[in-house]
1. Choose one of Ala113, Leu79, Val46: the residue whose Cα lies farthest towards the positive end of the charge dipole of the stretch 5-125 (beta-carbon charges +1 Lys, Arg; -1 Asp, Glu; about the Cα centre).
2. In the chain, if the dipole is taken from +1 on Lys/Arg beta carbons and -1 on Asp/Glu beta carbons about the Cα centre, which of Val94, Leu223, Tyr182 is farthest to the positive end?
3. Multiply the residue separation of Arg263 and Gln292 by 0.36 nm, subtract the distance between their alpha-carbon atoms, and state the gained length in nm to one decimal.
4. May I ask you to derive the FRET efficiency for Glu193 and Ala41 from their Cβ-Cβ distance with R0 = 56 Å, giving the value to the nearest 0.05?
5. Taking amide H positions as placed 1.01 Å from N in the peptide plane, with prolines and chain starts having none, which residues 5 or more places from Gly146, or on another chain, fall under 5 Å of its amide H?
6. By how many degrees, between 0 and 90 and to the nearest 10, does the Cα long axis of helix 301-319 differ from the longest principal axis of the chain?
7. Once the dipole of the chain is set up with Lys and Arg at +1 and Asp and Glu at -1 on Cβ about the Cα centre, which of Val271, Gly16, Tyr127 lies farthest towards its positive end?
8. Using only Cα atoms, find the angle between the long axis of helix 40-50 and the longest principal axis of the chain, and express it within 0 to 90 degrees, rounded to the nearest 10.
Amino acid sequence: MADRLRWGIISTARIGIRRVIPALLRSRTGTAVAIASRDLARAREVAAKFQIPRAHGSYEALLADPDVDAVYNPLPNTLHPEWTIRAARAGKHVLCEKPLAIDARQAQTMVDACRAAGVLLQEAFMYRFHPQITELRRLVASGAVGVPWLARSAFTFAVGSDDDIRLNPALGGGGLLDVGCYCVSISRLLMGEPNAVTASGAFERGVDVRLAGLLTFAAGTALFDCGLRLPYRQFCEIVGAEGTITLPRPFQPEEDPAVLLVRRGGQDERVEIPGTNQYTLMLDHMGTCILQRRQPQFPPEDAVANLRVLDALQASARSGNPVGL
Ligand SMILES: NC(=O)c1ccc[n+]([C@@H]2O[C@H](COP(=O)([O-])OP(=O)(O)OC[C@H]3O[C@@H](n4cnc5c(N)ncnc54)[C@H](OP(=O)(O)O)[C@@H]3O)[C@@H](O)[C@H]2O)c1
């Protein structure tokens, strides 16, 4: 393998163009060598925009490219498993967009295929690589607010177009899979694995467009809401007996300074973390793991565990009953 990880990008997805390819251009460990689209002209156009050396007119051609060590898979959610498994069988490491699949069972097949092929699979939950999350975890673990008993979070926005993949059930749409997955992820990061969930949702064309969920843990509770037909909001608050920590922008702080508001003992403290690109941090973590044969900070089994909770929330929202885990 070259001394930098050579990335191939599967599709001209918006998230790649807006965030991940620009972040890859700033990576210390990786370089973009190829991009594929179902439409070769489109692949060429995006390749030219970012000076990516090769454009392919099919995803198969990208996987057959011997100069590609790792692929970034930002396809619609229902296509994540097929193309991740095909990439693994072609010997490529895979950074797959969140959620890894539309349910835990499919995600497990991806983890198994990547293990069998000896390639690394990472879910592209970039928010976890931001130093504000490291600091949040450090503060909570150090007992800064006492034992955390409540995690509250939200991630909502107004979807731009009725043609968006997020409103298409056949492509794995729905707010829970799109943005609720962040709230469940951060709740699990702070509180461990829940033992039961309850959810209430509003549905449109068969996908949840607004959903509120409650996760019950052995010692605590998480509450969240997510949605595609709501104003843009994000926050996370941890409540312990001795104080609270609030992150106004836990998931998408952009490259602005990130802020943690810590309230304890009647005092308010504002912890400011310098701005950074969390996508570049994510790409460099994966690059370092592969190039230096290190274990990833977040193994892909975590993505399966996250989907297990999302599956239960989906079932609860549809049945109206609590679901045990
Ligand atoms: N981590 C993050 O910050 C973040 C943010 C947004 C989205 N995401 C995730 O990234 C993924 C893509 O989201 P996006 O908003 O970027 O999607 P998008 O712009 O709609 O792009 C999806 C791409 O998939 C390809 N594709 C293949 N088959 C398709 C089909 N049947 N219908 C539609 N597209 C098809 C298309 O590329 P070609 O035509 O070039 O083949 C299309 O451009 C999702 O899993 C989403 O959850 C992550």
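What follows draws every value from the coordinates through simple rules; no lab data is involved. Every value quoted in this text rests on a predicted model; they were computed, and no experiment measured them. Please note: Cβ atoms are built from the backbone with ideal geometry, for glycine as well, and neighbour counts cover all protein chains shown.
1. Of Ala113, Leu79, Val46, it is Val46.
2. Sorting the options by dipole projection puts first Val94.
3. Net length gain for the segment: 6.4 nm.
4. Rounded to the nearest 0.05, the efficiency is 0.75.
5. Under 5 Å from the amide H of Gly146 lie the amide H atoms of Glu242, each far enough along the sequence or on another chain.
6. 60
7. Gly16
8. 70
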